[in-house]
Amino acid sequence: MPSVRTSDGVALHYDEAGSGPPILLIPGWSQTAAQFGAQLEGLQDRYRLIALDHRGHGESEKPEHGYRIARLAKDVRDVLEALDLDEVTLLGHSMGCSVIWSYLDTFGPERVSRLVLVDQMPCIMANPVWAEEERLAAGPILDHESLYPTINGLASQGGAEVTRQFVGGMFTDAYDRARVDWAIEQNLKLPRRHAATLLYNHATQDWRDVIRRIELPTLVIGGRKSLIDWRSQVWIQSVIAGSKLEIFEEDEGGNHFMFMENPTKFNRLVAEFVG
């Protein structure tokens, strides 16, 4: 299996297909490169597609360290350098967007030409002093009362069941339940104690200042029925000058994994955007 070794010695697996302008596909929390299979199949006629397994995820090595957004962003940098990728479109799903924002915050836009940001809110944790308008724009799903029970539940012996309940709700009712079960099994390739560590770090970030400073061409994609409030995607698009927005409706597979549920539309949008 193809892999890149990071600056701190971790082998990261990736899947690759096609040739042409490069697109690096960055999965979300606990997700895998394999879940981008329909993109590798459907877009390989015009692009070089590299789908990454984060450290600990999928087929990558599972070290005892580095489960932080900043380290995952450095891993992305290591991959771009090792594969000598330039003028890359970074496509991030869910936490993958946070990894992109951390990359831009640390390294700037070097080696990057475009962004596709798929269904990630700017803030996972709610601040109790926020007015309703600010809360909707930030899109939080946790607060100070729910964060630790969630993290501790993941890290417990029941962590697999917590995952099944959490991820199982991220698909529309119309999607094949066998495919949902497969996605959950992909999630469980990340040891739950590492999943808990990473989710804690992921949940305690506020990316709004970074998002406001993005100047790269950007496509923002959300789902009307996603746990990520679609209004947070509207806010992201509103503060990135010249960016584009697409919200998948429920009957279009418009939940958190619209790229799996409706790859035909998703791939078309990406191709039209990247050119």
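The values are calculated or read from the model by the stated rules, or taken from the named source; none is laboratory data. What you see is a predicted model, and the numbers here were worked out from it, not measured in a lab. Please note: Cβ atoms are built from the backbone with ideal geometry, for glycine as well, and neighbour counts cover all protein chains shown.
Per this entry, residue 121 is not counted among residues that are in contact with a Ser or Thr (Cβ under 8 Å, 6 or more places away or on another chain) and surrounded by fewer than 20 Cβ atoms within 10 Å (Cβ to Cβ). Looking at the structure I just gave you, is residue 190 closer than 20 Å to residue 69 by Cα, in a helix (DSSP H, G or I) and either aliphatic (A, V, I, L, M) or under 17 Å from the mean Cα position of the chain (by Cα) (or both)? Here the answer is no, as residue 190 does not meet what is asked. When region 137-151 is filtered for residues that are out of contact with any Pro (no Cβ under 9 Å at 6 or more places or on another chain), in contact (Cβ under 8 Å) with a residue 60 or more places away in the chain and assigned to a loop (DSSP other than H, G, I, E, B), only 141 remains. Considering every residue within region 152-175, establish whether at least one is over 24 Å from residue 24 (Cβ atoms), assigned to a strand (DSSP E or B), of a type outside the set (Asp, Glu) and modelled with pLDDT of 95 or more. So far as region 152-175 goes, no, none of its residues is over 24 Å from residue 24 (Cβ atoms), assigned to a strand (DSSP E or B), of a type outside the set (Asp, Glu) and modelled with pLDDT of 95 or more. Quick one: residue 23 ticks every box in (1) more than 16 Å from the chain's Cα centre (by Cα); (2) on the phi < 0 side of the Ramachandran plot bar one, so which box is it? Answer for residue 23: the failing condition is (1). If you go through region 81-99 and keep only what is touching a helix residue (DSSP H, G or I) at 6+ places or on another chain (Cβ under 9 Å) and aliphatic (A, V, I, L, M), you end up with 85, 88, 90, 91, 95, 99. Scan region 246-272 for residues that are among the charged types (D, E, K, R) and either within 10 Å of residue 175 (Cα to Cα) or in a strand (DSSP E or B) (or both) and the total you get is 2. Among the residues of region 197-226, the ones that are surrounded by fewer than 19 Cβ atoms within 10 Å (Cβ to Cβ) and under 14 Å from the mean Cα position of the chain (by Cα) come to 0 in all.
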